[in-house]
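Single-structure report; data block below.
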Amino acid sequence: MPDLTLDDIARMAGVSPSTVSRVLNNLVGTRSKARARVLKVLAETSFQPNAAARSLASQRSQVIGLLVPAPASTVLHNPTVLQFAEQVTQSCHERGYLLSLFLLGSGDDEQLALPKITRRGFVDGIIVRGADDRASEPLLRRISASGVPFVALGRPGD
């Protein structure tokens, strides 16, 4: 089927779009017969909510960024960082989040990528791995100024 909208599902189930939303989000307040009709239509159509629309409505991306201020050649050969990334990925998945890895190997990488990474709605939070030297202080200040929640692992100066 073509890309269906929440309104299409509501029309097919004979309910309001807000009822479909409540069913999709597993919220209380929907009569069992209406819930059953919506679930039936969802199953018949293999409906998948539009991720961009959900992000706009909820102001959440369900993505956590793992930012490592180091070049890929260093990171990808470091078993400690790889093991950490694997554990964070598992933890994110258990909570319904995706993990996105950002490697900033130079100041140019930082200048190009950081504004995109910290753009409102791109990630719900950032984990900065390896923020243990004075060189990472400007990076941490820029992330902090963006307003995106973050955690810095290491020993940042401030």
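Counting only heavy atoms of protein chains, what accessible area per residue, in Å², does the chain have with a probe of 1.4 Å?
63
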Mind telling me which of 130, 105, 29 comes out most flexible in a GNM of the chain, alpha-carbon contacts under 10 Å?
-> 29
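Once the piece of chain linking residue 5 and residue 77 is laid out straight, how much longer is it, given 0.36 nm per residue of separation minus the C-alpha distance between them?
Extra length from residue 5 to residue 77 when fully extended: 21.5 nm.
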Karplus-derived HN-Hα couplings along the stretch 27-44 (A = 6.51, B = -1.76, C = 1.60, θ = phi - 60°), whole Hz, x at Gly and Pro | 9, 6, x, 10, 4, 4, 5, 5, 4, 4, 5, 5, 4, 5, 5, 4, 5, 5
Other-chain or far-sequence residues with amide H under 5 Å of residue 150's (modelled H) = 126
Quick one: Karplus J couplings for the stretch 81-88, per residue in order, coefficients 6.51, -1.76, 1.60, θ = phi - 60°, nearest Hz, x for Gly and Pro?
-> 5, 5, 5, 4, 4, 5, 5, 5
Among (i) 63, 37, 32; (ii) 60, 31, 29; (iii) 69, 34, 31, which is the computed Cα extents along the principal axes in Å?
-> (ii)
Check residue 63: other-chain or 5+ apart residues with amide H under 5 Å from its amide H, H built from backbone geometry?
-> 98, 124
What ³J(HN,Hα) values, in whole Hz, does the Karplus curve 6.51 cos²θ - 1.76 cosθ + 1.60 give for the stretch 102-118 when θ = phi - 60°, with x put for Gly and Pro?
-> 10, 10, 10, x, 8, x, 5, 4, 5, 4, 7, 8, 4, x, 6, 5, 8
Per the 1.4 Å probe, what fraction of the accessible area of the stretch 63-153, in percent, lies on carbon and sulfur atoms?
-> 55
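In percent, what relative contact order does the chain have, based on Cα pairs under 8 Å that are 6 or more apart in sequence? It would help to have the intermediate numbers written out before the result.
Details: 195 pairs, mean separation 31.9, N = 158.
Taking the mean separation of contacting Cα pairs over the length of the chain, I get 20 percent.
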Check residue 101: other-chain or 5+ apart residues with amide H under 5 Å from its amide H, H built from backbone geometry?
-> 66
Rounded, prolate or oblate: pick one for the stretch 63-153, where a ≥ b ≥ c are the square roots of the eigenvalues of its C-alpha gyration tensor, a/c under 1.5 means rounded, and failing that, prolate if a/b is larger than b/c, else oblate.
-> oblate
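Using 0.36 nm per residue, how much length does the chain from residue 63 to residue 141 gain when fully extended, once their Cα-Cα distance is taken away?
On the way: separation 78, 0.36 × 78 = 28.08 nm, distance 2.14 nm.
Full-extension gain reported as 25.9 nm.
The values are calculated or read from the model by the stated rules, or taken from the named source; none is laboratory data. Quantities reported herein were computed from a predicted structural model and do not represent experimental measurements. For the accessible areas, the whole protein counts, side chains as well, though only heavy atoms, and no ligand, DNA or RNA atoms are used. Shrake-Rupley method; radii C 1.70, N 1.55, O 1.52, S 1.80 Å.
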